[in-house]
Amino acid sequence: MVVMALRIEDNENYEQWLERVCVYEHALALKRIEKGEDLNLVLEEMSKNIIKKSLHPILKAIHNIPNNYDAEASRRSYEEKMGNRPRVADHIDD
């Protein structure tokens, strides 16, 4: 089986690329069904492949986000803004 590289082209957005992925996966599934493979297995694998491929660019972008969050600075800022106010619950149970 030949596997195509389905990279996002410079001239297409995510939705256009995903449509291309779906067409590709549907075509592969139809070929497998035509060869006599189990329909339920083919459809399950097709849907998993589409989901994995559709999430890949999103997860890659998330992993590439720089983590420059400073928890200690945030805590100090919170304490400065809150001052000496008493801490209260956001709800009261009677």
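Just so you know, all these numbers are worked out from the coordinates, no wet-lab data involved. Here the structure is a predicted model, which is why all the values come from computation and not from measurement. When we count neighbours, we look across all protein chains shown, and the Cβ atoms used for this are built from the backbone with ideal geometry, even at glycine.
Its Cα centre serving as origin, the chain has a Cβ charge dipole (Lys and Arg +1, Asp and Glu -1) of approximately 300 debye.
In terms of other Cβ atoms within 10 Å, Arg20, Arg7, Arg76 run from fewest to most in the order Arg7, Arg76, Arg20. For Lys52, the lysines whose Cα comes closer than 18 Å to its Cα, not counting residues fewer than 8 places off in the same chain, are Lys60.
By the rule of a C-alpha distance below 25 Å, with chain neighbours fewer than 8 residues away ignored, the lysines paired with Lys53 are Lys31, Lys35.
In a DSSP loop and with at most 11 other Cβ atoms within 10 Å, the chymotrypsin sites (Phe, Trp or Tyr not before Pro) in region 9-94 are Tyr69. In a Debye calculation with equal point scatterers on the alpha-carbon sites of the chain and no solvent, what is log10 I(q)/I(0) at q = 0.11, 0.16, 0.24, 0.26 Å⁻¹? The Debye formula, applied to the Cα set alone, gives -0.59, -0.79, -1.23, -1.30.
Between the listed residues Pro66, Met82, Ile50, the Cα displaced farthest toward the positive end of the dipole of the chain, a dipole computed from Cβ unit charges relative to the Cα centre, is found at Pro66. The loop-placed GluC sites (Glu not before Pro) in region 19-84, going by DSSP, that have at most 14 neighbouring Cβ atoms within 10 Å of their Cβ come out as Glu37.
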